[in-house]
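The values are calculated or read from the model by the stated rules, or taken from the named source; none is laboratory data. Quantities reported herein were computed from a predicted structural model and do not represent experimental measurements. Don't worry about glycine lacking a Cβ; one is built from the backbone with ideal geometry, like all the others, and counts go over all protein chains shown. Surface accessibility is based on the protein's heavy atoms, side chains included, excluding ligands, DNA and RNA. Shrake-Rupley method; radii C 1.70, N 1.55, O 1.52, S 1.80 Å.
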Amino acid sequence: MELLLTGGMGYIGSHTAVSLTLAGHRVVLYDNLVKSAEVMVERLERITGISPLFVSGDVRDTDHLTDTLRHYAIDAVIHFAGLKVVGESLEIPLEYYANNVQGTISLLQAMREVGTRSLVFSSSANVYGEPRYLPVDEAHPTGVTNPYGRTKLHVEEILFDLARSDPSWRIICLRYFNPVGAHESGLIGETPQGIPNNLMPYIARVASGELAELLVFGDDYPTPDGTGVRDFIHVMDLAEGHASAVAYLTGHSGWQAINLGTGQGYSVLEMVRAFEAASGRPVPYRIAPRRPGDSASCYANPEKALRLLDWSARRSLADMCASTWAFQSGSH
Ligand code: NAD
Ligand code: UD1
């Protein structure tokens with residue numbers, strides 16, 4: 001199939017581009033490079049042997065998107081483009097609504113114009129808010145607490161209304177849990193700008209010596225070792241979930257929200273130990289106060305993905321840490 005990946009030059013989009021290319025699809029990466037760089041094209045070519053098509057553009061530019069969809073005769077779109085930092089979304093909410101919500105509306109208008117009706121949307125477990133029960137399934141009530149999460153929920157609702165208004169739309173919202181890790185080549189991975197907010201990239205920089213120590217945000221949660229528990233999922237498993245979602249869409253119309261997680265939670269201290277084992281480096285840490293807004297535990301019920309998409313995560317925590325380390329300790 002001919003697939004357009006908005007935000008395809010970013011962390012999850014680039015790994016998904018690898019999976020889709022190796023599965024025989026042709027991918028067009030549409031990105032404004034606000035959080036990525038053009039060198040990605042060359043890295044993807046080194047991994048897959050095929051140069052992906054890159055189109056420089058903003059998702060808010062409806063005309064440019066329309067031309068791109070038409071020019072490449074796109075069958076389906078995977079919509080990764082957006083801003084994703086919770087803390088930043090509290091400071092600059094308008095930018096978040098403009099990129100994530102307005103950007104999606106622009107994309108949908110372009111898709112309607114050219115008659116492309118299949119869409120996979122990057123949503124987040126953030127839409128569930130503080131878990132009321134575990135594991136979190138798709139029937140769990142939504143309850144966002146920050147502008148970033150609200151943009152994801154707004155978009156999901158817009159997509160729901162659209163699918164209900166016109167049965168020719170085929171839409172899947174994938175609710176990612178905590179994507180980590182990198183492609184096994186060590187050529188692509190997550191490169192947060194500045195000091196990382198998320199656990200795994202922070203641990204990687206402590207192991208490499210770039211940062212002195214990890215602050216563990218709270219050791220008094222009601223979890224086995226007192227530290228927060230999350231559903232970390234290997235980004236290549238996540239990437240393969242997109243290929244399965246695209247395959248599902250070819251035979252099904254309507255709207256679905258589907259969790260992409262492993263169903264297994266690991267604590268902050270378990271992550272530290274696993275990373276030390278994978279890297280052979282110490283990860284010094286210090287217990288610090290809880291981070292406001294954090295929940296004790298969050299992990300997925302991934303059964304719907306297995307049932308509908310015939311997909312489940314298969315890579316281990318050791319794989320997640322080893323690939324992160326391969327990327328971190330490379331020349332990037
Ligand atoms: P990323 O920042 O690495 O990639 C996003 C890409 O979108 C970047 O290449 C950026 O340049 C591009 N982009 C941003 N705004 C754009 C615009 N207006 N027009 C065109 N391109 C634009 O992020 P990621 O981790 O790959 O996340 C991809 C998607 O998955 C995002 O929508 C994010 O909200 C969602 N998500 C990510 C996580 C995570 O932990 N990484 C978790 C849940 C959901
Ligand atoms: C965060 C985002 C969420 C996003 C997810 C993607 C917030 C509030 N939520 O969730 O929207 O979808 O990342 O991966 O930002 N921790 C430390 N020290 C650190 C960093 C993290 O102890 O330096 C702990 C946290 O308290 C948490 C766990 O590690 O218990 C995971 O944190 P993080 O990687 O930021 O993920 P989430 O909090 O799940």
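Do the sum for the chain: with -39,500 (n - 2.57) for every DSSP H run of n ≥ 4, divided by all residues, what is the mean residue ellipticity at 222 nm, to the nearest 500 deg cm²/dmol? It comes out at -11000 deg cm²/dmol, rounded to the nearest 500.
Local charge for residue 25 was computed over the other residues whose Cβ lies under 13 Å away, with Lys and Arg +1 and Asp and Glu -1, and equals -2. Pull up the DSSP beta bridges for the chain and report the antiparallel fraction as a percent, rounded to 5. Antiparallel: roughly 5 percent of the beta bridges in the chain.
Positive-end ranking of 78, 248, 106 along the dipole of the chain, with charges on Cβ about the Cα centre, is headed by 248. Here nothing in the chain passes the span test, since no DSSP H helix has an alpha carbon length of 24 Å or more along the helix axis and a Kyte-Doolittle mean of 1.0 or above.
Note on the chain: with neighbouring protein chains present and a 1.4 Å probe, carbon and sulfur make up 50 percent of its accessible heavy-atom surface.
Sort the following peptides by mean Cβ neighbour count (other Cβ atoms within 10 Å, averaged over residues), highest first: 183-194, 118-129. Intermediate results must be reported in sequence, preceding the final value.
On the way: 183-194: 16.8, 118-129: 23.9.
So the order, starting with the most tightly packed, is 118-129, 183-194.
Pairwise over distinct Cα atoms, reciprocal of the mean inverse distance: report the Kirkwood radius of the chain in Å, one decimal place. Could the numbers behind the result be given before it?
On the way: mean 1/r = 0.0498 Å⁻¹.
About 20.1 Å for the chain.
Probing with 1.4 Å while keeping every protein chain in the model, the per residue accessible area of region 94-202 equals 41 Å². Sorting the segments 10-16, 262-268 by their mean number of nearby beta carbons within 10 angstrom, highest to lowest, gives 10-16, 262-268. Counted over region 162-286, the DSSP beta bridges are approximately 15% antiparallel.
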